Amino acid sequence: MRWPEENIPDEHKLFRRIHPNQYIREEDRISSAAFRGKKNYDCSVNWEKYTTPEKAVRNYHAYHLAALQAKIPRQLEQEVKHTPSRRDRSHSSIIGNKTESIAKSLALSCVFVIKR
């Protein structure tokens, strides 16, 4: 069964898993590389409506987890779309060309939810 796509409200949180190499420990910040997806276009996130922080990193034991409000990418002219898969109803995407400045703005807008 495929879950129906829904509109994600601006005030809802999107969770992004942060690979350890995408966290700059010396500066205690997320690298812009964390928001560079396939060809700098599609970036996977999880919608808080259908997951919890713990579930979002359940099989990613070394990863950090960050959150940002859906309105942030929209303000940067990115599309925020609910793209559920059969196995993950929370799966969503931040879609749009991620220039270095857009990726950096997304990274700076994040708040850590789980820091390892």
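The values are calculated or read from the model by the stated rules, or taken from the named source; none is laboratory data. On a predicted model such as this, the values are computed, not experimentally measured, just so you know. Please note: Cβ atoms are built from the backbone with ideal geometry, for glycine as well, and neighbour counts cover all protein chains shown. SASA here: full protein model, heavy atoms, side chains in, ligands and nucleic acids out. Shrake-Rupley method; radii C 1.70, N 1.55, O 1.52, S 1.80 Å.
Quick one: which of ILE94, ILE72 is crowded, with 18+ Cβ neighbours inside 10 Å, in contact with a helix residue (DSSP H, G or I) (Cβ under 7 Å, 6 or more places away or on another chain), of a type in the set (A, V, I, L, M) and not in a strand (DSSP E or B)? Can you show your working first?
On the way: ILE94 fails: not in a strand (DSSP E or B).
So the residue among ILE94, ILE72 that is crowded, with 18+ Cβ neighbours inside 10 Å, in contact with a helix residue (DSSP H, G or I) (Cβ under 7 Å, 6 or more places away or on another chain), of a type in the set (A, V, I, L, M) and not in a strand (DSSP E or B) is ILE72.
Sort out for me the strands (runs of 3 or more DSSP E) sitting completely within the stretch 8-69 that have 1 or more residues that are small (Gly, Ala, Ser). Outline the logic, then answer.
On the way: elements: 13-18, 42-47, 64-69.
Passing ranges, in order: 42-47, 64-69.
Restricted to the stretch 1-38, and to residues that are β-branched (Val, Ile, Thr) and out of contact with any Lys or Arg (no Cβ under 8 Å at 6 or more places or on another chain), which residue is nearest to LYS49 (Cα to Cα)? Of everything passing the filter in the stretch 1-38, ILE18 is nearest to LYS49 (Cα to Cα). Restricting the first member to the stretch 18-31 and to residues that are under 13 Å from PHE112 (Cβ atoms) and open to solvent by less than 80 Å² (accessible area, probe 1.4 Å), and the second to residues that are in a helix (DSSP H, G or I) and not hydrophobic (A, V, I, L, M, F, W, C), the beta-carbon pairs closer than 9 Å and six or more apart or on different chains are GLN22/SER32; ILE30/GLN22.
When restricted to residues that are in a strand (DSSP E or B) and more than 13 Å from GLU48 (Cα to Cα), the stretch 82-91 contains 0.
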